[in-house]
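**Q** Have a look at this one.
The values are calculated or read from the model by the stated rules, or taken from the named source; none is laboratory data. Fair warning: this is a prediction, and the values are worked out from it, not measured in the lab. Heads up, the Cβs are rebuilt from the backbone with ideal geometry, glycines too, and the neighbour counts pull from every protein chain shown.
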Amino acid sequence: MISLQNSGFSDTLVILGAAGLVIPAFARFKISPVIGFILVGVLVGPAGLGTLVPQQPWLYYLTITDAHSIEPFAEFGIILLLFSIGLELSFKRLWGMRNLVFGVGAAELGGSALILGMALYLTGMSMNGSIGMGLALALSSTALVIPIAGTTSPVGKAAFAMLLFEDLALVPIIFMLGAMAPAAADAGWISLVGVRGKGAVTVAILFVGGRFLLPRMFGQAARTKSPEL
């Protein structure tokens, strides 16, 4: 018989159970489920009720004691995020919002990252660490901002432009941070060029897939009128 403690099956059940409870409960009060997931994560995580598992073993089945067990879920979420960036890329849409996206959006992300990075550097953090943390903290959550600000009001349009620019900048930021890692620094400029090349290829694939391939696939699926699709 497979042990729950060895298989990680218990952590999976906790995640699925939390999703089944948080989404309808917070939707009833018109609150973003993301807030609920954050609160539940703090509650059932290793730093929450997980600390009581040695004293109360039964809490094991209601908590996530090993954060690494949910890494596959996080990786799958990143994959979906990258595809969503490709779906958002449209020359017509970007050109119509070019002033907001590349003006307000770039100023917001760059200014916030600069201020936060400088503050962290003044506290004693390394240069690379300050840049990485500044960029990470400057990014906003689309799932939290859009339901609050909307997309039709002047504030909502500006917020959407900022979020769209952050989505566009996310992939280059990820590859840049990878190039700034100590291992990449030891490898020299060849590794840096390789990382930048991979980043450019990834962005190109996302654009081609989101702009040309996926719409045709969805159109073909719709024409089949198959309920399974």
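**Q** Any residue in the range 44-55 that's farther than 18 Å from L21 by Cβ: show its pairings with residues that are assigned to a helix (DSSP H, G or I) and of a type outside the set (A, V, I, L, M, F, W, C) at Cβ separation under 7 Å, as long as the two are six or more apart or on different chains.
**A** Cβ pairs passing all conditions: V53/Y60.
**Q** Next question. What helices (runs of 4 or more DSSP H) completely inside the range 75-146 contain at least 3 residues that are at pLDDT 85 or above, more than 16 Å from P172 (Cβ to Cβ) and assigned by TED's automatic domain parsing to the domain that holds L213?
**A** 106-122, 127-138
**Q** Let me ask something else about it. Say whether the condition of being modelled with pLDDT of 75 or more, of a type in the set (G, A, S), more than 27 Å from F37 (Cβ to Cβ) and in a helix (DSSP H, G or I) is met by at least one residue in the range 151-173.
**A** no
**Q** Could you identify the single residue in V40, V22 that is at pLDDT 80 or above, under 21 Å from P72 (Cα atoms) and surrounded by 15 or more Cβ atoms within 10 Å (Cβ to Cβ)?
**A** Just a single option satisfies the conditions, and that option is V40.
**Q** Can I ask one more? Can you report the number of residues in the range 39-74 which are outside the structural domain of A25 (by TED's automatic domain parsing) and more than 26 Å from the chain's Cα centre (by Cα)?
**A** Residues that pass the stated criteria total 0.
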